[in-house]
Amino acid sequence: MTIQFDAHDAAVIADPYPALARLRRDDPVHWSKRLGGWMLTRHDDIRASLRDPRLSSDRMRPFFAHLPDETRTGLADLDAHMALWAVFNDPPIHTRLRGLMNRAFTSSAVAALRPRIEQIVHGLVDDLLQQNEADFIQAFAYPLPATVIAALLGVPQQDVDLLKHWSDDLGSFVLTSRLSPDKYARANGAIAEMNAYFGALVEERRKKPREDVITGLAMAAERGDFLSRDELVAACVLLLFAGHETTTHLLGNGLLALLRHPNQMQMLRENRGDSTMAANMVEEMLRWDGPSLAQVRVVAEDYELRGKMMRKGDRVFQMLAAANRDPEAFGDPDRFDIARTDSSRHITFGFGIHFCIGAPLARLEGQVAFPILLERLGEIALAAPPDWSDSIVVRGLNRLQIAYSAA
């Protein structure tokens, strides 16, 4: 019997794991007519494929190359900009671009943000406590990482909402939303605006350096890295976009997991001062229902796996969510357990040279946010059914309406 994974089905969008489990068991290298590409679902296969040079991250250039000339001309800003994102490049281009970002986006810079993150979290909880019901995504899960990444980059706080608007328009294209018929035009307009905005900030930091990532990027270029203005601007946009999107969904999905597993929420409440448990909790949230549903590659050289031949030019969907529930990699994988000891084997942030540069920041924000939330909020309950994003790449919520009281 042919196995199908209907990514358009509302039930699959809400809970993709049963369908992914069937594929992982019976057809782990699956050709999807719906997606127009191969789906990999086993942990070992995906982990190996993430480091295999026969699968290329350079998927934007062929996408734009196959568009009609008239369409491509109308998306010129988007075409030129996306080609400069490190995540859409292979070595040696990726090596050079990622090296620049690593130099500015350091672990010490992230760790130094902890007091600021705590301050932001308390401020957002103060706002939550002005009422007894809210959309957790809009009231907390979005503004926390957006404010933090803006502070790290050096973006003025008053511009965060404007940048979020542009980022959402860009995300409708990058994250393959299926419900946005005008997503290409919106993304092209957003890129034009963001290029102008960050271009001005880069030039300003070159003249008046500050202690922020944008200054670090600008100064790195001046030390002989020979990165163009466009490459610097693209790095800023990528860091802003990646720096809040993943964490928003970690926070939203994580709270929903706790709400659906009250015994785990109670365990966390009783041990909220335990930093080891907080760290382990975040890893389990990332594994059990993390913010990454899939990564996408393009076959650069014919690639055989489990008797299936993937041909050059084929798209490959590495279903990270399926890998993170693989019983060959995790004991009792469908059980959510913040005390389990094997959570850290998840591949939510990818693996290899494209491992998510924002992973340490996402982890830190989760480790800070949840203990404070559970310390200051009393009983928390769902006030409406969760509203899931329709993206095939991101696993996240558009809306999570909750009711709560003060602790």
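Some notes on this structure:
Here's the yes/no breakdown for (1) surrounded by fewer than 17 Cβ atoms within 10 Å (Cβ to Cβ); (2) in contact (Cβ under 8 Å) with a residue 60 or more places away in the chain; (3) within 21 Å of the chain's Cα centre (by Cα):
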| residue | (1), (2), (3) |
| --- | --- |
| L238 | no, yes, yes |
| A242 | no, yes, yes |
| M267 | no, yes, no |
| V282 | no, yes, yes |
| R287 | no, yes, yes |
| S292 | no, yes, yes |
| K308 | yes, yes, no |
| G313 | yes, yes, no |
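- Contact map, region 29-45: residues that are more than 19 Å from L175 (Cβ to Cβ) paired with residues that are charged (D, E, K, R) and part of a strand (DSSP E or B), Cβ distance under 8 Å, separation 6+ or inter-chain. Pairs shown: V29/K308; W31/K308; W38/K308; W38/R315.
- For region 188-217, a residue qualifies if it is farther than 25 Å from S107 by Cα and in contact with a helix residue (DSSP H, G or I) (Cβ under 6 Å, 6 or more places away or on another chain), and the qualifying residues are N188, A190, I191, A192, E193, M194, N195, G199.
- Flag if I347 is more than 21 Å from F140 (Cα to Cα) and modelled with pLDDT under 95: no
- Listed conditions (1) within 26 Å of F63 (Cα to Cα); (2) open to solvent by 20 Å² or more (accessible area, probe 1.4 Å); (3) not in a strand (DSSP E or B) are all met by P360, apart from (1).
To keep it simple, each residue is scored yes or no on (1) touching a Pro at 6+ places or on another chain (Cβ under 6 Å); (2) in contact (Cβ under 8 Å) with a residue 40 or more places away in the chain; (3) closer than 20 Å to F198 by Cα.
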{"residue": "D77", "(1), (2), (3)": "no, yes, yes"}
{"residue": "A83", "(1), (2), (3)": "no, no, yes"}
{"residue": "M101", "(1), (2), (3)": "no, yes, yes"}
{"residue": "P115", "(1), (2), (3)": "no, no, no"}
{"residue": "E118", "(1), (2), (3)": "no, yes, no"}
{"residue": "V125", "(1), (2), (3)": "no, yes, no"}
{"residue": "Q131", "(1), (2), (3)": "no, no, no"}
{"residue": "Y142", "(1), (2), (3)": "no, yes, no"}
{"residue": "A150", "(1), (2), (3)": "no, yes, yes"}
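- Assessment of region 57-70 against the conditions (polar (S, T, N, Q), in contact (Cβ under 8 Å) with a residue 12 or more places away in the chain, closer than 15 Å to Q295 by Cα and in contact with a His (Cβ under 8 Å, 6 or more places away or on another chain)) yields at least one matching residue.
- When L217 is tested against the conditions (1) aliphatic (A, V, I, L, M); (2) at pLDDT below 85; (3) open to solvent by 70 Å² or more (accessible area, probe 1.4 Å), the lone failure is (3).
- Restricting attention to region 26-51, the residues being acidic (D, E) and crowded, with 16+ Cβ neighbours inside 10 Å number 2.
- Qualifying residue in region 113-132 (condition: farther than 15 Å from L251 by Cβ, open to solvent by less than 40 Å² (accessible area, probe 1.4 Å), at pLDDT below 95 and touching a helix residue (DSSP H, G or I) at 6+ places or on another chain (Cβ under 8 Å)): yes
- Scope region 286-312; condition among the small types (G, A, S) and not in a strand (DSSP E or B); matching residues: G290, A294, A300, G307
- The number of residues in region 82-99 being basic (K, R) and either buried (at least 16 other Cβ atoms within 10 Å of the Cβ) or not in a helix (DSSP H, G or I) (or both) comes to 1.
- Residue within region 9-25 that is under 22 Å from E304 (Cβ atoms) and buried (at least 17 other Cβ atoms within 10 Å of the Cβ) present: yes
- Filtered residues of region 245-294 (kept if basic (K, R) and either touching a helix residue (DSSP H, G or I) at 6+ places or on another chain (Cβ under 7 Å) or under 17 Å from L320 (Cα atoms) (or both)): R269, R272, R287
- Summed over region 323-345, the residues that are open to solvent by less than 30 Å² (accessible area, probe 1.4 Å) and either touching a Gly at 6+ places or on another chain (Cβ under 7 Å) or farther than 27 Å from L55 by Cα (or both) give a count of 6.
- Inspection of region 48-67 finds a residue satisfying the criterion of being more than 30 Å from D27 (Cβ to Cβ), assigned to a loop (DSSP other than H, G, I, E, B) and modelled with pLDDT under 85.
- Qualifying residue in region 375-389 (condition: touching a residue at least 12 places away in the same chain (Cβ under 8 Å), under 21 Å from R47 (Cα atoms) and either among the polar types (S, T, N, Q) or open to solvent by less than 30 Å² (accessible area, probe 1.4 Å) (or both)): no
- Within region 133-170, the set of residues being outside any helix (DSSP H, G or I), of a type outside the set (V, I, T) and either open to solvent by 40 Å² or more (accessible area, probe 1.4 Å) or more than 28 Å from A279 (Cα to Cα) (or both) comprises E133, P156.
The values are calculated or read from the model by the stated rules, or taken from the named source; none is laboratory data. In this text the structure is predicted, and so the values were computed from the model without any measurement. Every residue, glycine as well, gets a Cβ built from its backbone with ideal geometry; the counts of neighbours run over all protein chains shown. In case anyone asks, the SASA skips ligands and DNA or RNA and just uses the protein heavy atoms, side chains included. Shrake-Rupley method; radii C 1.70, N 1.55, O 1.52, S 1.80 Å.
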